[in-house]
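As structure tokens, the structure follows; a few thoughts come after it.
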Amino acid sequence: GENVEQHPSTLSVQEGDSAVIKCTYSDSASNYFPWYKQELGKRPQLIIDIRSNVGEKKDQRIAVTLNKTAKHFSLHITETQPEDSAVYFCAASLSGNTPLVFGKGTRLSVIA
Amino acid sequence: GAVVSQHPSRVICKSGTSVKIECRSLDFQATTMFWYRQFPKQSLMLMATSNEGSKATYEQGVEKDKFLINHASLTLSTLTVTSAHPEDSSFYICSARGPLGQNELFFGSGTQLSVL
């Protein structure tokens, strides 16, 4: 089955700097790659996703890139703000009614 | 977006009791729901896939007799933790893909189970 590796496990950045989180996946058939943000005790919230027919997607300060050949995808947050501090999870799956397989998460701390 | 409701949000129970967690899709029908478990500071681990009108599919290592899943309608799936023990203490969270074939997974608010 699918296996998703995520790095780093923790990341501290100064406010205004960029943050990059990287993930790799094992199943070449996976075609859907979302990123979730989870605050303590809360449900995960989707922040951006990408499908395998697209190499890059951007939404304001957040962007995701996908390299299907290498089977890795990355989350980029620019101009970080303290409210970006949370745990971020990458995930992969086939589209349709298949479950998401999550990476182990990255705890991002943005220092004011 | 689609709304998934989960109850209760927090349960404290004695060892040996059973606990039922409900997951409802409020504004759409979900033929499939996914149950995840999350230990403190860890990732979301898939426990089982709940299918309306049929048996759930459990992930390797998850005891089907301990974690009973029932998906009796298109809007309700339940997870019952039977004879709970302290090691079952965890954050349990359900999810479903949105209507109209959306890829996005919508999560319930989660249930924090503490077994004394």
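The values are calculated or read from the model by the stated rules, or taken from the named source; none is laboratory data. Here the structure is a predicted model, which is why all the values come from computation and not from measurement. Every residue, glycine as well, gets a Cβ built from its backbone with ideal geometry; the counts of neighbours run over all protein chains shown. SASA here: full protein model, heavy atoms, side chains in, ligands and nucleic acids out. Shrake-Rupley method; radii C 1.70, N 1.55, O 1.52, S 1.80 Å.
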Item to check | Filter result (closer than 18 Å to B:G110 by Cβ and modelled with pLDDT under 95) within the stretch B:50-68 | outcome: B:S50
Next on the checklist: I'm told A:S109 meets every condition in (1) within 14 Å of chain B (Cβ to nearest Cβ); (2) among the hydroxyl-bearing types (S, T, Y); (3) over 25 Å from B:C94 (Cα atoms); (4) within 12 Å of the chain's Cα centre (by Cα) except one. Can you identify the failing condition by its number?
Outcome noted: (4)
Checklist outcome for this item: When every residue in the stretch B:93-108 that is farther than 16 Å from B:L46 by Cα and of a type in the set (S, T, N, Q) is compared, the one farthest from the other protein chains (Cβ to nearest Cβ) is B:Q102
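Looking at this structure, is B:K14 without any contact (Cβ under 8 Å) to a residue 60 or more places away in the chain and either facing chain A (nearest Cβ under 9 Å) or farther than 30 Å from A:N53 by Cα (or both)? Steps first, answer last, please.
Numbers: without any contact (Cβ under 8 Å) to a residue 60 or more places away in the chain: no; either facing chain A (nearest Cβ under 9 Å) or farther than 30 Å from A:N53 by Cα (or both): yes.
When the stated conditions are applied, B:K14 does not pass them.
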Checklist entry - Is the stretch A:60-77 home to any residue that is closer than 23 Å to B:R37 by Cβ and open to solvent by 60 Å² or more (accessible area, probe 1.4 Å)? => result no
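Would you mind stating whether A:P99 is within 14 Å of chain B (Cβ to nearest Cβ), on the phi < 0 side of the Ramachandran plot and either open to solvent by less than 20 Å² (accessible area, probe 1.4 Å) or not charged (D, E, K, R) (or both)? Let's see the steps before the verdict.
Numbers: within 14 Å of chain B (Cβ to nearest Cβ): yes; on the phi < 0 side of the Ramachandran plot: yes; either open to solvent by less than 20 Å² (accessible area, probe 1.4 Å) or not charged (D, E, K, R) (or both): yes.
Yes, satisfied.
Has the stretch B:1-11 got any residue that is assigned to a strand (DSSP E or B), free of Cβ contacts under 8 Å to residues at least 40 places away in the same chain and closer than 20 Å to A:G96 by Cβ? Let's see the steps before the verdict.
Of the residues in the stretch B:1-11, the ones assigned to a strand (DSSP E or B) are B:4-7, B:10-11.
If we keep only those that are free of Cβ contacts under 8 Å to residues at least 40 places away in the same chain as well, we get none.
Within the stretch B:1-11, not a single residue is assigned to a strand (DSSP E or B), free of Cβ contacts under 8 Å to residues at least 40 places away in the same chain and closer than 20 Å to A:G96 by Cβ.
Residues that are surrounded by 15 or more Cβ atoms within 10 Å (Cβ to Cβ), of a type in the set (S, T, N, Q), more than 30 Å from B:H7 (Cα to Cα) and within 14 Å of the chain's Cα centre (by Cα): does the stretch A:28-40 have at least one? Give the derivation first.
Let us first name the residues in the stretch A:28-40 that are surrounded by 15 or more Cβ atoms within 10 Å (Cβ to Cβ), namely A:30-38.
Next, from what is left, pick out any that are of a type in the set (S, T, N, Q): A:30-31, A:38.
From the residues that got through so far, the ones that are more than 30 Å from B:H7 (Cα to Cα) too are A:30-31.
This time we only want the ones that are within 14 Å of the chain's Cα centre (by Cα), so: none.
Looking through the stretch A:28-40, none of the residues is surrounded by 15 or more Cβ atoms within 10 Å (Cβ to Cβ), of a type in the set (S, T, N, Q), more than 30 Å from B:H7 (Cα to Cα) and within 14 Å of the chain's Cα centre (by Cα).
Taking the criterion of being farther than 17 Å from A:L100 by Cα, open to solvent by 70 Å² or more (accessible area, probe 1.4 Å) and of a type in the set (S, T, Y), would at least one residue in the stretch B:15-25 satisfy it?
Going residue by residue through the stretch B:15-25, those that are farther than 17 Å from A:L100 by Cα are B:15-25.
Those left that are additionally open to solvent by 70 Å² or more (accessible area, probe 1.4 Å): B:18, B:20, B:24.
Remaining after also requiring of a type in the set (S, T, Y): B:18.
For the stretch B:15-25, residues farther than 17 Å from A:L100 by Cα, open to solvent by 70 Å² or more (accessible area, probe 1.4 Å) and of a type in the set (S, T, Y): present.
Restricting to the stretch A:5-62, count the residues that are polar (S, T, N, Q), away from chain B (no Cβ under 13 Å) and not in a strand (DSSP E or B). Lay out the reasoning, then the answer.
So in the stretch A:5-62, the residues polar (S, T, N, Q) come out as A:6, A:9-10, A:12, A:14, A:18, A:24, A:26, A:28, A:30-31, A:38, A:45, A:52-53, A:60.
Subsequent filtering for residues that are away from chain B (no Cβ under 13 Å) retains A:12, A:14, A:18, A:24, A:26, A:28, A:60.
If we keep only those that are not in a strand (DSSP E or B) as well, we get A:18, A:26, A:28, A:60.
Number satisfying all stated conditions: 4.
Within the stretch A:85-98, which residues are more than 15 Å from the chain's Cα centre (by Cα) and within 17 Å of A:T24 (Cα to Cα)?
Within the stretch A:85-98, the first condition is being more than 15 Å from the chain's Cα centre (by Cα), and the residues that meet it are A:94-98.
Residue satisfying the conditions is A:L94 alone.
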Checklist outcome for this item: (1) without any contact (Cβ under 8 Å) to a residue 60 or more places away in the chain; (2) within 14 Å of another protein chain (Cβ to nearest Cβ); (3) in contact with a strand residue (DSSP E or B) (Cβ under 9 Å, 6 or more places away or on another chain); (4) under 22 Å from B:S5 (Cβ atoms) all hold for B:P40 apart from (4)
Item to check | Test for B:S73: is it within 21 Å of A:E39 (Cβ to Cβ) and away from every other protein chain (no Cβ under 13 Å) | outcome: no
